[in-house]
Every structure is written in C-alpha cells, then in structure tokens.
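First up is the structure itself, then whatever we jot down about it.
The values are calculated or read from the model by the stated rules, or taken from the named source; none is laboratory data. Bear in mind that the values here come from a model prediction, so they are computed numbers and not experimental data. Because the Cβ atoms are built from the backbone with ideal geometry, glycine has one as well, and the counts that use them run over all protein chains shown.
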Amino acid sequence: MKTAIVGLPMVGKTSLFTILTGVHESTRMGTMEARAGVTKVPDPRLDALAALFEPPKVTHATLEYLDFPSISKESLREPSYLASLRVADAIAHVVRLFESDSIPHEKGDVDPVRDIDDVDTELILSDLVVVEKRLERLEKDRKKIKDPALDREFELLEQARACLEENRALRTMALEGEDEKRLRGFQFLSLKPILYVLNLGEEDASRLHEVERDHREKILPGRPGAELSAICGNIEAELAELSAEEAAEYLASYGLPDSGLHRLINATYQVLGLMSFLTAGETEVRAWTIPVNSTAVKAAGAIHTDFEKKFIRAEVVNWRALVEHGGYAGVREKGLLRLEGKEYIVKDGDVLVIRHG
Ligand SMILES: Nc1nc2c(ncn2[C@@H]2O[C@H](COP(=O)(O)OP(=O)(O)O)[C@@H](O)[C@H]2O)c(=O)[nH]1
Ligand SMILES: [Mg+2]
C-alpha cells in the first residue's frame, strides 16, 4: 500500500518523509520523480508479545510512503508526476501551520483551510480533464457500436463530471459494486482517500490536540473518505534521534502524551481502510496487514495462499489476554482461546493460529 505525500512547496513534506522512512534527501533536485521509502508500523503489542515468546524474529507491518515534488497545476500536467500519483492508494496532503520568516510560504501567508481547498481543487480539475476526454471518446464510440457497457460508463462519467464541476471530489460520490470498480479503473486522484497532515510549529506543540480538533470540525464535514492528523515536524525530527526514555521525557516537556508520528501512521492505516492482526510463537512474532472487515480465511491468505486454500479453522485470542495469561496454555485453560470458522471477521489485535490441511 502506497501513500503519496503531496503539498505546496516548503511545507515540510520531505522532512516528514525522512522521519517516516529514514530515507534522506538525495540528489533529486529538478526531476519530477517521487521517491519511495518504507515505514515500520510501530506496534507496542508486538513488543509485549515478543517479551512473552522471546522469538528470534519480530516482524512489524510496513507502509510505503512516496515523497512528491510540490503539487501545482504544472506538476499535475507532468506525465511522470501524474503516473506515480495515479498508482498511489492514498494521498497525504501536508499542510503548513508553522510560521517562519526565513522560510517563505508560496501563497504569502499561512492559511491551512485555503491550502486544503486549493490542492483539493487542483486534484478535481485534473480528474475533470480525464473525464471530459473519455466522454468525448465515448460519444464517438457509442455512435458506431451499440454496447450497454459503454452506455453505463457514459452515464457514470456524466455523474462524475457533474460532481467535479461542483468542485466536489469523486470520493464523495458514494458508489458501489460495478460502478465503483469502473470508476476506480481510471485511477482518479480525487477518488483516493486523503489524509490532511497539519504541520505545526513548536510554539503550538502544546496545543496540538486542540488545533487538530478545531481543524477536524472545520474541514472534515462534507468530506467523506478524508481524515486529518496534526503533527509537529520539528519535534518528531528531534525524537527520531532519542532513545525511548529520552523521547518520552522530551514529549512530556511539551505536554504531549504520545508521538505524533505514531498517530500519523495510524491515521494512514485508517484512510487506507487497513488494520492488523498478529501471529505469535517461539519462532516469530509478527503483525500482518489486512483490509478492515476481512474474514479469517482472508487473513490466513495474507500469511500464505496455501493457508487460505486449505483453511480449516482459526484459533483466536486477543493479544492482551494472551500476554496476561502467559501464553496459549494459560488462555486455553481459561477458555479464552476461541475456535472460529472461515467467515469470522478478524478484529484489530486478534492473535490468530491458523489450522490448515
Ligand atoms: N519551523 C519549522 N520548519 C520546518 C518544519 N518542517 C520543515 N521545516 C523547514 O521548512 C523547509 C522546507 O522543508 P521541506 O521538508 O524540504 O519541505 P518540502 O518543500 O515540503 O519538501 C526546511 O528548511 C525545513 O527545515 C516545521 O515543522 N517547523
Ligand atoms: Mg521536498
């Protein structure tokens, strides 16, 4: 799963990408290519399970982030820029809230609501170009060939055009089934789930949660498929250099309960519609990523396709119960280890043991 980090110039995109992935700015200047990096998803549940099982291997779930050059009308016309944005599964739009006299803001002043509206509009306009081109083509084709599939596509794209012309993102259309699939096939930018990342200055760090709540109320209503997360980029950069203990102290000195980076990664999971389940034993403790509402048999398939094909049952226990009762024998004794079938909907934090043929 790839998340594209986009935004105006000098808002902190690359700084954030570096903290997330550990990939440092190389000699990219001038090109329109995005850079990719992988983030280990922090997961305290893995640490607790690893302490219990002491396996030689602990494997975190991962997410891929892409650092994009600044977004603008011009960059959205660059074929290489567009192509890499189209294949992203979600967009993280970094929005600047930090003030700085030495770092100019492209639009003259700091105004997050304006920046969010402007970038949303650019994505919408870019999609509108694609919709109009395709409608033109369809108009010609439908005169030559009678095909109900073409008629349906035409209707659907007319709805999409109406939506975009009202300056609404395609993700607000609430489509289902075939229509949803059809539209997805175009890889429209405004159809992708979006996460607005507010980048605060240190002076606002102690108000981070308040600022996030205020903007959430201002921005999210009427924007289904969107999420918002506030972060203080400079503080996170400092944290990356510290030990866990020092980091906790440093956070506390700003009155912050937790790392903004962890919250950002969780928010990415949320917009992508993902969750994780766990497997734990003497050889490995591991987090696996699946779409929310996945069945046990699908979860088995995430581990190995053979497990999906030859699935018999899953033994399921919540990770906390497993830790508290000191392992499988303990939870089995208490009747906390349940047997579930193929259709069981896996919950966040479930530890699974797949029984297969
Ligand atoms: N004060 C402050 N400066 C920042 C913050 N994040 C990034 N910067 C600075 O803003 C400039 C642009 O950052 P960069 O990450 O390259 O932005 P990009 O153009 O969006 O990729 C650099 O000088 C950064 O040091 C922040 O949270 N606070
Ligand atoms: Mg950059």
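Could you check, for region 34-57, whether at least one of its residues is surrounded by 13 or more Cβ atoms within 10 Å (Cβ to Cβ), in contact with a helix residue (DSSP H, G or I) (Cβ under 7 Å, 6 or more places away or on another chain) and over 30 Å from Gly281 (Cα atoms)?
Checked against the condition, which is being surrounded by 13 or more Cβ atoms within 10 Å (Cβ to Cβ), in contact with a helix residue (DSSP H, G or I) (Cβ under 7 Å, 6 or more places away or on another chain) and over 30 Å from Gly281 (Cα atoms), region 34-57 yields at least one hit.
Could you pull out every one of the strands (runs of 3 or more DSSP E) wholly within region 1-82 that has 3 or more residues that are farther than 19 Å from Ala237 by Cβ? Let's see the steps before the verdict.
Details: elements: 2-6, 35-40, 57-59, 62-67.
Fully inside region 1-82 and qualifying: 2-6, 57-59, 62-67.
Can you tell me how many residues within region 144-166 are within 20 Å of Ser126 (Cα to Cα) and surrounded by 13 or more Cβ atoms within 10 Å (Cβ to Cβ)?
Within region 144-166, residues that are within 20 Å of Ser126 (Cα to Cα) and surrounded by 13 or more Cβ atoms within 10 Å (Cβ to Cβ) number 10.
Among Glu212, Glu236, Glu217, Glu227, which is the only one that is assigned to a helix (DSSP H, G or I), closer than 17 Å to Leu261 by Cβ and without any contact (Cβ under 8 Å) to a residue 60 or more places away in the chain?
Glu212
Within region 270-290, restricting attention to residues that are out of contact with any helix residue (DSSP H, G or I) (no Cβ under 9 Å at 6 or more places or on another chain) and crowded, with 20+ Cβ neighbours inside 10 Å, which residue is farthest from Cys232 (Cα to Cα)?
My answer is Leu272.
For region 56-101, enumerate the residues that are more than 12 Å from ligand 1 (Cβ to nearest atom) and β-branched (Val, Ile, Thr).
Matches in region 56-101: Val58, Thr59, Thr62, Val87, Ile91.
Any chance region 113-120 includes a residue that's surrounded by fewer than 19 Cβ atoms within 10 Å (Cβ to Cβ) and among the acidic types (Asp, Glu)?
Yes: region 113-120 contains one or more residues that are surrounded by fewer than 19 Cβ atoms within 10 Å (Cβ to Cβ) and among the acidic types (Asp, Glu).
Please count how many residues of region 301-350 are among the β-branched types (Val, Ile, Thr) and under 22 Å from Ala48 (Cβ atoms).
Matching residues across region 301-350 total 6.
I'd like to know if region 54-62 contains one or more residues that are in contact with a strand residue (DSSP E or B) (Cβ under 7 Å, 6 or more places away or on another chain) and either over 30 Å from Val317 (Cβ atoms) or hydroxyl-bearing (Ser, Thr, Tyr) (or both).
yes
For every residue, the table says whether it meets (1) at pLDDT 95 or above; (2) away from ligand 2 (no atom under 16 Å from the Cβ); (3) touching a Lys or Arg at 6+ places or on another chain (Cβ under 6 Å); (4) closer than 23 Å to His262 by Cα.
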site: Gly37; (1), (2), (3), (4): no, no, no, yes
site: Leu49; (1), (2), (3), (4): yes, yes, no, yes
site: Leu52; (1), (2), (3), (4): yes, yes, no, no
site: Lys57; (1), (2), (3), (4): yes, yes, no, yes
site: Glu78; (1), (2), (3), (4): no, no, no, no
site: Ala92; (1), (2), (3), (4): yes, no, no, yes
site: Arg96; (1), (2), (3), (4): yes, no, no, yes
site: His105; (1), (2), (3), (4): no, no, no, no
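Being over 23 Å from Leu82 (Cβ atoms), hydrophobic (A, V, I, L, M, F, W, C) and part of a helix (DSSP H, G or I): is that true of Val113 here?
Yes; evaluated as a whole, the condition is true for this residue.
Could you please find all residues in region 164-187 being polar (S, T, N, Q) and closer than 12 Å to Leu128 by Cβ? Please lay out each step first, then the result.
As a first pass, look at region 164-187 and keep what is polar (S, T, N, Q): 167, 172, 187.
The answer is Asn167, and nothing else.
Within region 267-287, does at least one residue satisfy the condition of being over 30 Å from Lys57 (Cα atoms) and in contact (Cβ under 8 Å) with a residue 24 or more places away in the chain? Full working, then the answer.
Restricting attention to region 267-287, the residues satisfying the condition of being over 30 Å from Lys57 (Cα atoms) are none.
No: zero hits.
Would you pick out the residues in region 304-315 that are part of a helix (DSSP H, G or I) and surrounded by fewer than 17 Cβ atoms within 10 Å (Cβ to Cβ)?
Thr305, Asp306, Lys309
Pick from Asn318, Asn293: which is surrounded by fewer than 14 Cβ atoms within 10 Å (Cβ to Cβ) and either closer than 30 Å to Leu66 by Cβ or not assigned by TED's automatic domain parsing to the domain that holds Leu208 (or both)?
One residue alone meets the criteria, Asn293.
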